[in-house]
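I have placed the structure first, in the form of structure tokens, so that the comments after it can refer back to it.
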Amino acid sequence: MSIHNYDVVIVGAGPGGSTAAKEAAESGLKTIFFERGRKPGEKNSSGSGLGPRMWLDFDIMKELSPDVCPSMRAGTAARHYFVDSNDEVASYIMTRPTSSVNYEPAKSFITMNIYRSEFDPWLAKFATDAGAELKTSTLIVGLLKEDGKVVGVIDEKGEKYRGIVIGADGVISTVARESGLRSKWAQKQVTITIQYDFEVSPKKIDDIMGDETLAVWWSAVFPAAYQVFFNDGFHIGFGNWMSWWDKNPLHYLNRCIKLKYFQRLVRILDAKPREFQSHLLPWQGEPYDTHTDNVMLIGDAGGFPCPLEAEGMYPAMITGRAAAEVAAEAISEGDTSIEFLSRYDTAWKKTSVGEDFEAGSELYSIWKALPFSPRENMSWIVPLVSEVLGGIIDWSEPHPKRIRQVARTIKGYLPKIIPMLMKEILPLLTASLGEEKMDLVTNPEKLLAAMPEVELALAQAFMSADDEEE
Amino acid sequence: MDIRINDLVKRIPGTGDFISIDKEKCTMCERCLIICVANLWKKKKDHVYIVDDYQSKCLECAACYQVCEPGAIDFQYPAGGTGVVFEKG
Ligand SMILES: Cc1cc2nc3c(=O)[nH]c(=O)nc-3n(C[C@H](O)[C@H](O)[C@H](O)COP(=O)(O)OP(=O)(O)OC[C@H]3O[C@@H](n4cnc5c(N)ncnc54)[C@H](O)[C@@H]3O)c2cc1C
Ligand code: SF4
Ligand code: SF4
């Protein structure tokens, strides 16, 4: 078989691969990208909400419209349901982008919800329009090596393509495996994420949900589930690290679907199950081993989803752009060694994705302790939140007595709350504020010197609550 | 509401074999049995196996491959242009 020569060969036509292909082609590099599906997107499964940062960093996003992506629906407001240990929705609240959000479109929506089968081909077209070549229905099975070094890729028919390799091939990355960068994820670096798609008429969604088109089902009996509304349907899904599961993931997702409250929603929306998907999703505190001689890993292949909530499409596009820039520099300077490609780490660390990873391990740890620990922690957080919310409107007792009852109940949770604050929240605040400011905020003496009345008020509230018996 | 997930997945046939198990390496930990949402891994008295018709039921998630610590499960994606198609992914 002959060898086809390119400047850049990119494995995968997801958001990462297509962005890298577009930017590489635009900088004049001879670029090819490969997709195992018959068209981009048909192998992929996401929530799928696009974060507003995409509109800041990628001008093309302004062209995304229902003409090209009919499934579009803005996730303007989010519902947060709190499910207790008895499979009961104990409380819920609704939130919108808050007043401190300061740019468009982030003021208008939390996420823009789209199906990957529409979004991925739309994005790939920008790359082919820029001159990149796309080969679909083509599985890359190995890397072309000379003297032990990677010089290109090999497809399932044995065709060889030479060039600097960008691994955009997602969570199970042939490029990572064959280049020796990573044989497999550790079980705590990757989640299994499964979801149902339900079909719903657009009018029902408009009438019943209005603009509340995102929901999180925080729960004491299953890992937090997300519900994402599209023009004519919704996803309900969730994930957790591979090491977490004691029963089949489907058992837990069906527990969410079977909630009385969820079933009522399904009935009033007249929602019908339409598709089911299972996919892995990397979720870790810090990307590492992102490149070697002539190879860079972007997006899921490099482990770039956000360490808190695993938003992954934006990081894939940002790292795709960074890799394309570094590829152009490497080619013009004739050096694609691991040393030269360390510029890739420097480049992504300077971006908004890099900033997320500055507190990566702290953010990861919080998510692990909260939504991903239903039995250990959500089992007390749900009743705590519900006590606060439900305690507000309650005519069962004289109000001063109710306030004391609520305060006493909250006090009962302090042995859980305080270790949680110390273990999870303080390290995050320290990572974001720095030691000096943290000292001011957390040193009780300094704090109380500033506000002695705080201590008095707290003491009084809890003392009188203690005195009172049922 | 009982939903059969296999009714909710479309496939292009012609994948060929893409998952295999090396019985020598298997420690019978049963992680693959727990994790596979399509329920394709089974246990007989002395060994673990994947069902014969897995090609027409597998979701290509690679969870079995990832979860297998001893590396007994080999997984390659099926041939390009075949296998699972997510229209609403
Ligand atoms: C259920 C779920 C929900 C999610 N929700 C969200 C969300 O709401 N918002 C968000 O931003 N992120 C979400 N994510 C994460 C997001 O989907 C990923 O981070 C993102 O898709 C990564 O993009 P990528 O381009 O790196 O990889 P992918 O999108 O995985 O693309 C890789 C591409 O490479 C192809 N490929 C793989 N191997 C080969 C090969 N050997 N040869 C040829 N082609 C190959 C694949 O078919 C695929 O098209 C979610 C993930 C999951 C699983
Ligand atoms: S996960 Fe691997 S070792 Fe464990 S039972 Fe399955 S095949 Fe065997
Ligand atoms: S790839 Fe996923 S669906 Fe297929 S056998 Fe493995 S775990 Fe089951």
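The values are calculated or read from the model by the stated rules, or taken from the named source; none is laboratory data. None of these values were measured; they are calculated from a predicted model. Heads up, the Cβs are rebuilt from the backbone with ideal geometry, glycines too, and the neighbour counts pull from every protein chain shown. Note: accessible area is taken over every heavy atom of the protein model, side chains too, but ligands, DNA and RNA are not part of it. Shrake-Rupley method; radii C 1.70, N 1.55, O 1.52, S 1.80 Å.
Which residues, taken from the range B:7-34, are within 12 Å of ligand 3 (Cβ to nearest atom) and part of a helix (DSSP H, G or I)? If the condition is that a residue be within 12 Å of ligand 3 (Cβ to nearest atom) and part of a helix (DSSP H, G or I), then B:Arg31, B:Cys32, B:Leu33, B:Ile34 are the ones that fit. Only residues that are open to solvent by 50 Å² or more (accessible area, probe 1.4 Å) and more than 8 Å from every other protein chain (Cβ to nearest Cβ) were counted across the range B:32-45, and they come to 4.
Against the condition open to solvent by less than 60 Å² (accessible area, probe 1.4 Å) and under 15 Å from the mean Cα position of the chain (by Cα), how does A:Leu341 come out, does it pass? When the stated conditions are applied, A:Leu341 does not pass them. Scanning the range A:347-381 for residues that are under 18 Å from A:Tyr81 (Cβ atoms), in a helix (DSSP H, G or I) and touching a strand residue (DSSP E or B) at 6+ places or on another chain (Cβ under 8 Å) returns A:Pro374, A:Met378, A:Ile381. Which is more than 10 Å from every other protein chain (Cβ to nearest Cβ) and polar (S, T, N, Q), of A:Asn231, A:Asn254, A:Asn248? Testing whether each residue is more than 10 Å from every other protein chain (Cβ to nearest Cβ) and polar (S, T, N, Q) leaves just A:Asn231. Take the residues of the range B:47-58 that are in contact (Cβ under 8 Å) with a residue 12 or more places away in the chain and over 17 Å from B:Asp74 (Cβ atoms): which is nearest to ligand 2 (Cβ to nearest atom)? Within the range B:47-58, the match that is nearest to ligand 2 (Cβ to nearest atom) is B:Lys57.
Contact map, the range A:132-143: first residue of a type in the set (Lys, Arg), second residue outside any strand (DSSP E or B), Cβ cut-off under 8 Å, separation 6 or more or different chains; pairs are A:Lys135/A:Glu35.
In the range A:45-56, the count of residues that are within 14 Å of chain B (Cβ to nearest Cβ), assigned to a loop (DSSP other than H, G, I, E, B) and within 16 Å of ligand 3 (Cβ to nearest atom) is one or more. Only one of the numbered conditions (1) open to solvent by 10 Å² or more (accessible area, probe 1.4 Å); (2) more than 21 Å from A:Leu281 (Cα to Cα); (3) in contact with an Asp or Glu (Cβ under 9 Å, 6 or more places away or on another chain) is violated by A:Ala324, and that is (1).
Is it the case that the range A:63-86 has a residue that's among the acidic types (Asp, Glu), in a loop (DSSP other than H, G, I, E, B) and either away from chain B (no Cβ under 14 Å) or under 18 Å from the mean Cα position of the chain (by Cα) (or both)? Yes, the conditions are met somewhere in the range A:63-86.
Taking B:Asp2 as the residue in question, decide whether it is within 11 Å of chain A (Cβ to nearest Cβ) and either surrounded by 13 or more Cβ atoms within 10 Å (Cβ to Cβ) or under 29 Å from A:Gly233 (Cβ atoms) (or both). The answer is yes for B:Asp2.
Among residues of the range A:20-43 being open to solvent by less than 30 Å² (accessible area, probe 1.4 Å) and in a loop (DSSP other than H, G, I, E, B), the one that is farthest from the other protein chains (Cβ to nearest Cβ) is A:Leu29.
Under the condition of being under 21 Å from A:Phe109 (Cα atoms) and open to solvent by 10 Å² or more (accessible area, probe 1.4 Å), which residue from the range A:229-253 is nearest to ligand 1 (Cβ to nearest atom)?
Filtering the range A:229-253 for residues under 21 Å from A:Phe109 (Cα atoms) gives A:229-237.
Checking the rest, the ones that are also open to solvent by 10 Å² or more (accessible area, probe 1.4 Å) come to A:231-232.
Numbers: A:Asn231: 16, A:Asp232: 18 Å.
So the residue we want is A:Asn231.
For the range B:5-21, the set of residues classified as more than 11 Å from chain A (Cβ to nearest Cβ) and of a type in the set (Val, Ile, Thr) consists of B:Ile19, B:Ile21, listed by residue number. Residues in the range A:260-275 include at least one that is within 16 Å of ligand 3 (Cβ to nearest atom) and open to solvent by less than 10 Å² (accessible area, probe 1.4 Å). With respect to the conditions (1) in contact (Cβ under 8 Å) with a residue 60 or more places away in the chain; (2) facing chain B (nearest Cβ under 10 Å); (3) under 30 Å from A:Lys203 (Cα atoms), A:Phe262 falls short on a single one, namely (1).
If I filter the range A:99-150 down to residues being among the basic types (Lys, Arg) and not in a loop (DSSP other than H, G, I, E, B), which single residue comes out as nearest to the other protein chains (Cβ to nearest Cβ)?
Step by step, filter the range A:99-150, then rank; the result is A:Arg116.
Screening the candidates B:Val85, B:Val48 for the property of being hydrophobic (A, V, I, L, M, F, W, C), more than 10 Å from ligand 3 (Cβ to nearest atom) and away from chain A (no Cβ under 14 Å) yields one hit, B:Val48.
Taking A:Tyr161 as the residue in question, decide whether it is closer than 28 Å to A:Glu275 by Cα and surrounded by 20 or more Cβ atoms within 10 Å (Cβ to Cβ).
When the stated conditions are applied, A:Tyr161 does not pass them.
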